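First comes the structure, then the notes that go with it.
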C-alpha cells in the first residue's frame, strides 16, 4: 500500500497536468524573454507569448475535460471542477493581458511589462493549482503562490503611495488570514488524521452518521477555514483590505484581482468546504448564507456613496462575492435533487448551488474585467476615475459608453445579458435549497445596486462632457473591451450552453459521495 | 366568394398607414390622392356585398385569424356581414366617401393636411371593422378605436385650447359609457362562456337559456356603452363640444356614423334586449328624454354647428326610443336617412362657415342665399328632411318611429305617451331647423358687408352637397310604402329571426311568472310584430306633416314676418329661456358636482398620497440607504489594525452563531 503511494509520487502521470505545466513554462519563458529580448520588442512579443501560452493551456484543457483522475498521490486532481475553474482562470488571464498590456507599458511611469506578465503567470499558476488540488497542502501552496504574486501586482505602480499602502495592507492582512487558514487546516488534520480531501470527507461522514466519535472541535477548524478563505474571496467582515488594495493597484490589475484570486478563493472553498468538509454542510451552510447576506448588503450599500468609479467597483465586487456565496450556501449535500438540466447520458450528480456558483464565476470574469477595462480606456485618454470623468462619454465616444453600459447593466443583472443569468441561476439554486429568504436578499441587494450602476450610465449619457479626451490608440484594449461586450450579449443569449458546461463539470467533480447528514 | 369582404376595411387602413408613415415626406398636400380612392374602393366593394346579400339573402362571412386563443376564452377576428351590416357598410362608406371628397376643398392649405387624411380613413377602417365584427370583443376593440379617432380628430386643431379640452371631454365622457360596455362584455363571457354572436354556441342563440335578471343586466351594461357613444342623456354633453373638430369630421363622425354605433350595438344585440322588458323601458325613457331635451336646447343656441349638434343628439334620441319601443327597423331606417341628411346639414354648415370666413354665430349671418345658392338649396333640403316634411328622407323614417311607438307591442300604453312627446320633439325640430335656415339664409345681412364677402364654396365641396341632397330626397323611398318597403323586406330578417327566439324565451318566462299580458304580447310578436293599416299610416303621416309645418310656420312668424318677437318671448319666459340656453344646466352641474370634486380628489391624491406618502416613502428609503451608506463607509478607516480587528470580531460573531445553537452536531460544551 505504502509502496504504491510512493510510486505514484515518484512517477506521476504528467500528462494530466499539461495545462498547468504550460502556464508554468510560460512563466519561465517570459522570464527568459524579459531578460534577453531587446526592450523594443517586449510589448509585441511578450504579449503575444502570454496570450498564446494561455490559449495553448485552454486547448490543453480540452484533453482534460472528460478525465476524472488524480496523480501525485492524490495531490493533483484532474476532474470537472479543475477543468471549469481552469477555463475561467485562463480566460481571465487572457482578458487581463489584453486590457493591461498598454496600461502597464505606457501609464504610471512605464512599468516593466516582462515582470508584470511573469507575476501574472505565477498568480494564475497558483490559482490553477488550487483548482486542481486534492490535498490541504496543495491548496495552501497554491493559494500562497497565487497570493504572493498578486501582492506584488497590487503594488506594481510602485511610484504611487496609495499603491504601496494598499498592497501593504493586503499583504499584512493576507498573512494574517493565511495563518488562520493554515491553523484551521492543522486542526482538520489533527481531527481526521489526513490531509487528503477524500479521506477527510470519509472521516467526517463517519462523524456525522455517528460511526466515528463526535469531535466538536471540528467546528473550530471549520470556523478558522471559513475566516481564512473568507478573506481570500473578500467576504464581509473579512473584506477590509479590498477597497484599499483595489484602489491602489493599477486599474487592469484591479480587474484581474477581482476575478482570478477570487476564483482561486472559491476554488479553495469548493475543494475544502464542499469536497473535504462537505459532510458538515449542515453546519456551515447557514454561516455562509449569513455572511453572503452581510456581504451583498454591505458591498452594495457602501458602493452607493462612492464617487470614484474604481472604488465603487471594488465595493461592487464585494457584493458579487456575496451573490456567489449564495450559490455556495445553496449547496445541498443531498445532491441530485432540483438540478437545472439533465444532460443526456451523464452519470454524475450535479448540484444546482455549485453549478450556479461556477456559472457566476465564469460570467463575472467577462463582466468585471470589462468594466475595469473601460476605466482603463478612459485613463488612457487623460481622465481620472471619478464619476465626473465619465461625463458625456455617450456623446464623445458612443462605443466606449455603450460597452460600459453593457457592463454596468450586466453587473446589475438585466436580461438578456450574462450577468442576469448568473444572478438568476443563483436565485433559483437558493430557492431549490429552501433558502427563500436568501433569494429575496439577492433580489433586494440587486435593487440597491441598480442605483450606482445606473448612475454611471446616467452620467455618461445625460451629463455634458467636461473636457476633451486625449487622442490615443489602444487597439488591444479596444479589442478586449469589444470581445467582452459581445461575450456579455452572446453568452447571455446562449446561457443555457454555458450552464450545461458548468453543470456537466460540477457534476463531474469528485465530491465524496456524501449523504445527507440530517 | 366572400374573400373580398376583407377589402372593405383593408383599403382605408392601408391609406391611413401610408399617410401616417409617408405623409410628412411624400404624400403631403396630395394625401387625398391616397385616401379618397381607398374609401371609394371600399364603397364599391360594399356595394357588391350589398348586392350579394340582397340576392342570396344570406350573410357573408370571412374568417381571418384568432386574436386571443386563451383556454376557453377565444377571440377570433372574423368578418361577418348580414343585412344590418350591409346597411351600415353603405352608410359608412357613402357618407365617408363624400366627406373625403368634401375635405379636399375644406381642408385645402391646412398645415397638417396629410394628418387629416390619415386619421379620417383610420376612422373609416375602425368603423367598418366595428360593424363587420362577429363578436363582442372585437366590437369593443373597434368601439375604442373609433373613440380614439374621434379624439384625434376633435383635437385636430390641437393648438387651440378649446379643441384640446373638447377632445379630452369627449374621450373621458365616453370612458364612462365604455366602462359599462366593457363590464357588459365581461358579463357576457361570464354568462355565456363566449363572446361570439352567431352559431349554436353563440350569444344570440342562447339568450333563452339564462334568467331574465342576468339578461337585463347585460343589456343595460351594453346600453351604457351606447349612451356614451350615441350621446344619450346623461352622457350627451361631449357631442356639442366635439364640434371643435373640423366640420367634415363633425359630419362624418359626430353625425352620420360613429355616434350611431350605439344604436347599431343595441340593434345588433336585439336578441338580448327583446328578452328584457326592463332594458327596453330604460332604452325608451332615455331615448325619449334625450330627443326632447336635445330639441329644446337647439332652439336657443346661436352657434350654427351647436344647433345641428343638438339636433343630432335629439335625433339619436329618436332612434334610441324607437329601439326601445321595438321599432327596430324604423330605428335603423332613421339611422340611415339621418346619416345622409345630417351629413348634408353638417357639410352645409361647413360650407357656410367656409364662405363666411370661419364665422359660426348665426346672429352675424343673414341673406346668405344670395351669396351661396347651392349651399342654400341643399341646406334647405336637409332642413326639410330633418323637420320631417313629405316626401323627404326624414319624413318616412321619423313617421315610422312615431307610428312604431303608438302601436308598440312592448309598451302598449306607455307607447301612446311616447308618441305624444315625440310629436312635441318633432315640432321643436321643425322650429329650430327653420329658425336656423331663416336666420342664416333669409332676412338682411347681419354682418359687415364692407369686409366680409361671403362666397360659394368650391366644386369639391358643393359636389358632395348636391349628391347628398339628391340622396336625401330619394333615400326615403327605399322605405316606401311604410312598414312594407324594400328596406324592410331586406333588413327585416335580422330582427324577425331573433324576435321569434326572444319571444319564445319571454313566453317561457311569462309562463313561469304566470304573466298573462306578456304571453299575449309574445303571441303578437310571433305573428310578425305590428301590422299597420293604411289608414293609420296616412293619419300619422298627416299629423306629423301638420306638426312639422306648424313648427316651420312658427319659425316663419318669428324670423321672417316678425309678427312675433323672439326677444320678447325670451324675455317673457326668461327662466325657461335661460334654462334652455344653458343646456338644462348639465354642463354646469357636471362641472360643479362631478368634475370639481374629482379634481379636488385628484389634487389630494397627487399632493398628499403621491407626493407625501408614496414619494415620501420612496425618498425616505433612498435617504435612509444613502445615510446608511455614508455611515458604513466610515468603517473603512484605512488603519490596518482596525482591519485585523474586523476579522477578529468576525470570528467572534461566528462563534456566537454556533453558540446560539446552530449545529447539527450534538456539541455538549456549546449547549
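The values are calculated or read from the model by the stated rules, or taken from the named source; none is laboratory data. Remember, predicted model here, so these are calculated numbers, not experimental data. Backbone-built Cβ (ideal geometry, glycine too); neighbour counts: all protein chains shown.
Inspect all residues belonging to segment A:205-219 and state whether any of them is touching a residue at least 60 places away in the same chain (Cβ under 8 Å), more than 9 Å from chain B (Cβ to nearest Cβ) and in contact with a helix residue (DSSP H, G or I) (Cβ under 8 Å, 6 or more places away or on another chain).
yes
Looking at (1) under 23 Å from the mean Cα position of the chain (by Cα); (2) more than 23 Å from residue B:194 (Cβ to Cβ); (3) buried (at least 19 other Cβ atoms within 10 Å of the Cβ), can you tell me which one residue B:18 breaks?
Tallying (1) under 23 Å from the mean Cα position of the chain (by Cα); (2) more than 23 Å from residue B:194 (Cβ to Cβ); (3) buried (at least 19 other Cβ atoms within 10 Å of the Cβ), residue B:18 fails exactly one: (1).
Could you list, ordered by first residue, the pairs with Cβ atoms under 9 Å in which the first is in segment A:144-169 and without any contact (Cβ under 8 Å) to a residue 40 or more places away in the chain and within 14 Å of chain B (Cβ to nearest Cβ) and the second is in a loop (DSSP other than H, G, I, E, B) and surrounded by 17 or more Cβ atoms within 10 Å (Cβ to Cβ), at least 6 apart or interchain?
A:168/A:155
Tell me which residues, restricted to segment A:292-337, are within 12 Å of another protein chain (Cβ to nearest Cβ) and over 21 Å from residue A:245 (Cα atoms).
The answer is A:333, and nothing else.
For segment A:459-500, give me each residue that is under 22 Å from residue A:317 (Cα atoms) and surrounded by fewer than 16 Cβ atoms within 10 Å (Cβ to Cβ).
Answer for segment A:459-500, where residues must be under 22 Å from residue A:317 (Cα atoms) and surrounded by fewer than 16 Cβ atoms within 10 Å (Cβ to Cβ): A:482, A:486, A:489.
Could you please let me know if residue A:110 is more than 19 Å from the chain's Cα centre (by Cα) and free of Cβ contacts under 8 Å to residues at least 40 places away in the same chain? Steps first, answer last, please.
Details: more than 19 Å from the chain's Cα centre (by Cα): yes; free of Cβ contacts under 8 Å to residues at least 40 places away in the same chain: yes.
Taking the combined requirement at face value, the residue satisfies it.
List the number of the failed condition for residue B:486; all other conditions in (1) surrounded by fewer than 14 Cβ atoms within 10 Å (Cβ to Cβ); (2) farther than 30 Å from residue B:398 by Cβ hold.
Only one criterion in (1) surrounded by fewer than 14 Cβ atoms within 10 Å (Cβ to Cβ); (2) farther than 30 Å from residue B:398 by Cβ is unmet by residue B:486, namely (2).
Restricting attention to segment A:148-171, report how many residues are surrounded by fewer than 24 Cβ atoms within 10 Å (Cβ to Cβ) and assigned to a helix (DSSP H, G or I).
Qualifying residue count, segment A:148-171: 12.
With respect to residue A:273, is the statement that it is touching a helix residue (DSSP H, G or I) at 6+ places or on another chain (Cβ under 7 Å) and touching a residue at least 60 places away in the same chain (Cβ under 8 Å) true? Spell out the reasoning first.
Working: touching a helix residue (DSSP H, G or I) at 6+ places or on another chain (Cβ under 7 Å): yes; touching a residue at least 60 places away in the same chain (Cβ under 8 Å): no.
No; evaluated as a whole, the condition is false for this residue.
Could you give me the residue pairs with C-beta distances under 6 Å whose first residue belongs to segment B:633-653 and is facing another protein chain (nearest Cβ under 9 Å), whose second residue is in a helix (DSSP H, G or I) wherever it lies, and which are 6+ apart or on separate chains?
B:633/A:302; B:636/A:243; B:640/A:169; B:640/A:172; B:643/A:173; B:644/A:176; B:651/A:227
For segment A:415-458, enumerate the residues that are crowded, with 16+ Cβ neighbours inside 10 Å, under 23 Å from the mean Cα position of the chain (by Cα) and assigned to a loop (DSSP other than H, G, I, E, B).
A:417
Quick one: which helices (runs of 4 or more DSSP H) lie wholly within segment A:1-84 and hold at least 2 residues that are modelled with pLDDT of 90 or more and farther than 25 Å from residue A:269 by Cα?
Values: elements: A:2-10, A:18-36, A:42-64.
Of the helices (runs of 4 or more DSSP H) lying wholly inside segment A:1-84, those with at least 2 residues that are modelled with pLDDT of 90 or more and farther than 25 Å from residue A:269 by Cα span A:18-36, A:42-64.
With A:134, A:166, A:184 as the choices, which residue is touching a strand residue (DSSP E or B) at 6+ places or on another chain (Cβ under 9 Å) and at pLDDT below 95?
Result: A:134 is the single residue among A:134, A:166, A:184 that is touching a strand residue (DSSP E or B) at 6+ places or on another chain (Cβ under 9 Å) and at pLDDT below 95.
What do you reckon, is residue B:191 free of Cβ contacts under 8 Å to residues at least 40 places away in the same chain, out of contact with any strand residue (DSSP E or B) (no Cβ under 6 Å at 6 or more places or on another chain) and in a helix (DSSP H, G or I)?
Yes; evaluated as a whole, the condition is true for this residue.
Here are some conditions: (1) surrounded by fewer than 17 Cβ atoms within 10 Å (Cβ to Cβ); (2) touching a helix residue (DSSP H, G or I) at 6+ places or on another chain (Cβ under 9 Å). Residue B:3 meets all but one. Which one does it not meet?
(2)
Any residue at all in segment A:32-46 that is buried (at least 23 other Cβ atoms within 10 Å of the Cβ) and touching a helix residue (DSSP H, G or I) at 6+ places or on another chain (Cβ under 8 Å)?
yes
Can you report the number of residues in segment B:33-75 which are touching a helix residue (DSSP H, G or I) at 6+ places or on another chain (Cβ under 8 Å), in a strand (DSSP E or B) and free of Cβ contacts under 8 Å to residues at least 24 places away in the same chain?
Residues that pass the stated criteria total 0.
Condition first: surrounded by fewer than 24 Cβ atoms within 10 Å (Cβ to Cβ) and on the phi > 0 side of the Ramachandran plot. Can you find one or more residues in segment B:441-460 that meet it?
Yes, some residue in segment B:441-460 is surrounded by fewer than 24 Cβ atoms within 10 Å (Cβ to Cβ) and on the phi > 0 side of the Ramachandran plot.
What residue, of A:279, A:243, is within 11 Å of another protein chain (Cβ to nearest Cβ), more than 30 Å from residue A:386 (Cα to Cα) and in a helix (DSSP H, G or I)?
Working: A:243 fails: more than 30 Å from residue A:386 (Cα to Cα).
Going through A:279, A:243 in turn, just one is within 11 Å of another protein chain (Cβ to nearest Cβ), more than 30 Å from residue A:386 (Cα to Cα) and in a helix (DSSP H, G or I): A:279.
Among the residues that make up segment B:597-610, is at least one of them within 14 Å of chain A (Cβ to nearest Cβ), surrounded by fewer than 11 Cβ atoms within 10 Å (Cβ to Cβ), part of a helix (DSSP H, G or I) and at negative phi? So that I can check it myself, show each step before the final result.
Pass one, segment B:597-610, residues within 14 Å of chain A (Cβ to nearest Cβ): none.
Within segment B:597-610, none of the residues are within 14 Å of chain A (Cβ to nearest Cβ), surrounded by fewer than 11 Cβ atoms within 10 Å (Cβ to Cβ), part of a helix (DSSP H, G or I) and at negative phi.
Quick test for you: out of B:147, B:193, B:182, pick the one residue that is on the phi < 0 side of the Ramachandran plot and surrounded by fewer than 21 Cβ atoms within 10 Å (Cβ to Cβ). Full working, then the answer.
Working: B:147 fails: surrounded by fewer than 21 Cβ atoms within 10 Å (Cβ to Cβ); B:193 fails: on the phi < 0 side of the Ramachandran plot.
B:182 is the lone residue from the list that is on the phi < 0 side of the Ramachandran plot and surrounded by fewer than 21 Cβ atoms within 10 Å (Cβ to Cβ).
Check B:175, B:160 and return the single one that is within 19 Å of residue B:599 (Cβ to Cβ) and surrounded by fewer than 18 Cβ atoms within 10 Å (Cβ to Cβ).
B:175 is the lone residue from the list that is within 19 Å of residue B:599 (Cβ to Cβ) and surrounded by fewer than 18 Cβ atoms within 10 Å (Cβ to Cβ).
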